[in-house]
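The values are calculated or read from the model by the stated rules, or taken from the named source; none is laboratory data. For clarity, every value in this text was computed on a predicted model and none was experimentally measured. Glycine also receives a Cβ, built like all others from the backbone with ideal geometry; neighbour counts cover every protein chain displayed. Ligands, DNA and RNA are excluded from the accessible area calculation, which covers all protein heavy atoms including side chains. Shrake-Rupley method; radii C 1.70, N 1.55, O 1.52, S 1.80 Å.
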Amino acid sequence: MAYLFHSNGWQGITDGVYVLLPEAVLSTGTKRFIAKVDQVKQAEQFSEGLRDKLHQVTEFLKKDLAQTRHDIADLKESGQSTAAQVKAQAQQANTQVQTTVSGIAEQAHGMTQQVVNRAHSTLTDASGRLQHTAHDVATQVQEKTKTVQAKSEPNSTSATEETEHSEANSSDSIRPG
């Protein structure tokens with residue numbers, strides 16, 4: 001058997017309820033009992049009071065706040081790490097794009113040079129053929145002119161002048177480019 005008593009505060013609500021062993025009690029009355037002071041100070045707590053519960057809640061909240069701060073710091077560090085990884089990957093992708101674009105530009109330059117060379121070769125060939133054809137035409141005109149002159153001897157002076165004039169015009173208009 002033991003006695004229960006509450007400490008300071010309203011019916012043990014604030015400080016709690018304590019157990020007092022019978023040997024600590026010196027005398028009892030209807031409304032009071034007298035106990036040894038040292039035994040009362042060392043009494044075991046039977047139920048917690050509001051003050052103890054508030055202390056527990058406060059300690060829990062302190063620990064929770066510390067853990068939350070730690071978690072936020074971890075998230076911040078993780079976010080910075082992720083940002084650094086994304087930045088590195090973006091730089092790597094940029095380098096790859098630049099390399100690819102440079103390769104494409106070189107290919108385009110090479111192809112353009114090939115087209116220019118082919119066009120130049122084609123124009124040179126066409127120019128040569130055109131000169132050859134113009135020379136052939138001039139030769140044919142000269143031959144026909146001589147033939148016409150031979151047939152029309154009385155007008156030979158004026159025909160010769162016309163032929164020379166034609167030859168000069170045909171050679172002036174057809175020049176290699």
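The condition of being modelled with pLDDT under 90, out of contact with any helix residue (DSSP H, G or I) (no Cβ under 9 Å at 6 or more places or on another chain) and open to solvent by 90 Å² or more (accessible area, probe 1.4 Å) holds for only one of Gln80, Gln98, that being Gln80. Take Ala108 and decide whether it is out of contact with any Leu (no Cβ under 8 Å at 6 or more places or on another chain) and open to solvent by less than 100 Å² (accessible area, probe 1.4 Å). Taking the combined requirement at face value, the residue satisfies it.
Gln39 falls short on exactly one of the conditions (1) among the polar types (S, T, N, Q); (2) at pLDDT 80 or above; (3) open to solvent by 70 Å² or more (accessible area, probe 1.4 Å); (4) outside any loop (DSSP other than H, G, I, E, B), and that condition is (3). Selection of the stretch 89-138 for residues being of a type in the set (Val, Ile, Thr) and in contact (Cβ under 8 Å) with a residue 12 or more places away in the chain yields only Val137.
With the structure loaded, tell me whether Thr157 is of a type in the set (Val, Ile, Thr) and either at pLDDT 90 or above or on the phi > 0 side of the Ramachandran plot (or both) or whether it fails that test.
Spelling it out, it is not the case that Thr157 is of a type in the set (Val, Ile, Thr) and either at pLDDT 90 or above or on the phi > 0 side of the Ramachandran plot (or both).
Comparison of Asp15, Asp74, Asp64 shows that the only residue that is at pLDDT below 85 and of a type in the set (Asp, Glu) is Asp15.
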